[in-house]
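Accompanying notes for the structure given below.
The values are calculated or read from the model by the stated rules, or taken from the named source; none is laboratory data. Since the model is a prediction, treat every value here as computed from it, not as a measurement. Cβ atoms come from the backbone with ideal geometry, glycine included; neighbour counts cover every protein chain shown. In case anyone asks, the SASA skips ligands and DNA or RNA and just uses the protein heavy atoms, side chains included. Shrake-Rupley method; radii C 1.70, N 1.55, O 1.52, S 1.80 Å.
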Amino acid sequence: MYNNYVFNLYGTLIDIKTNEEKDEIWEKFAIYYGYNGAHYEKEELKEKYHSIVGKLIKMNSKYQCPDYEIEDVFFKLYKDKGIKPKKKAKQAAKTFRLLSTESIRLYDGVKETLERLAAEDKKIYLLSNAQKAFANSEIKYLGIKKYFDGICISSDVGIRKPDTKFYEYFLEKEQLDPKDTLFIGNDYIDLKGANDMGIDSLYIHSNLSNEEPEDVTSKYKILDGDIRKIFDVIEL
């Protein structure tokens, strides 16, 4: 029925638990920055981090749902202490993500599902609200990057779902016909933009979903989180 399958990432393909608010994370991250010559107290670092994020979002106010590049935050944290970051910002992003990640895994059946779609000559895409500095490493680590014919991450574009501008950019970039495309996600914000753009959607209710299934508008639904059931609810 569809030739293009567009997936959300977190909560749909990847089950991840992060916590950026724990004191020990900021304590260790302050030490990490100190090792690189940028000395912060943990509370100073945390407050500065959130302040920079807020300013970057405000600077990108031309979109309804703006996004920013996390590496710019870590770059500025170095620069404000008189350090020339060079490649340090990219490494800081990976270190921060590692410190704040409590668990990460693929949902059961993800590779099996992607492999079957590929075997059926379907095109597979990723469209996600995410930071490329985090997501790129995580999809490589979990072994799924090879399955995607195209990847579109909000931090690269500066727009987040459900802003239809994000979907417009993606469809134009990949030259996709909305009527030949199915979007698969686990949250209202994943599916709203797709629905607004005339793209059929499939809702997967997972442990990271924020709404009850009855509150989400979608053409198809999988209520038990088993992504493999995609083949039961649609016709390839």
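The table for this structure:
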item	result
Net charge of Cβ neighbours under 11 Å - reference Lys132; Lys, Arg +1; Asp, Glu -1	-4
Cα-based reach from Lys42 at 13 Å (exclusive), listing aspartates and glutamates while leaving out same-chain residues under 8 positions away	Glu20, Glu21, Asp23, Glu24, Glu27
Spin-label zone in the stretch 122-148 - amide nitrogen under 18 Å from a point set 7 Å from the Cα of Lys86 along the C-beta vector	none
Exposure of Asp72 as accessible area (Å², to 10), given a probe of 1.4 Å and all protein chains	80 Å²
Residue-normalised accessible area of the stretch 1-115, given per residue in Å² at a 1.4 Å probe	55 Å²
Relative contact order of the stretch 1-92, defined on C-alpha pairs under 8 angstrom at six or more residues apart (%)	20 percent
Estimated FRET transfer efficiency (Lys17, Lys94; beta-carbon r; R0 22 Å; 0.05)	0.80
Heavy-atom accessible area ranking, 1.4 Å probe, most first, across Ile57, Ile139, Ile83	Ile57, Ile83, Ile139
Relative pair counts by distance (%), Cα atoms of the stretch 96-162, 10 Å bins	18, 47, 32, 4
Efficiency of FRET between Val53 and Lys140 - r from beta-carbon atoms, R0 30 angstrom, step 0.05	0.75
Formal net charge of residues neighbouring Gly225 (Cβ-Cβ distance under 12 Å; K, R +1; D, E -1)	-1
Pairwise FRET efficiency - Ser103 versus Glu235, Cβ, R0 = 35 Å, nearest 0.05	0.50
Cα-based convex hull volume of the stretch 53-152 per residue, rounded to whole Å³	132 Å³
Residues whose placed amide H lies under 5 Å from that of Phe7, excluding near-sequence neighbours	Tyr125, Leu126, Leu127, Ile184
Choice from Phe166, Phe148, Phe183 showing the highest fluctuation, given a GNM over the chain with Cα pairs closer than 10 Å	Phe148
Distance (nanometres) between label positions extended 7 Å along Cα→Cβ at Glu211 and Asp180	2.9 nm
Carbon plus sulfur fraction of accessible area for the stretch 136-236, probe 1.4 Å, in percent	44 percent
Per residue convex hull volume, Cα atoms of the stretch 72-208, in Å³	130 Å³
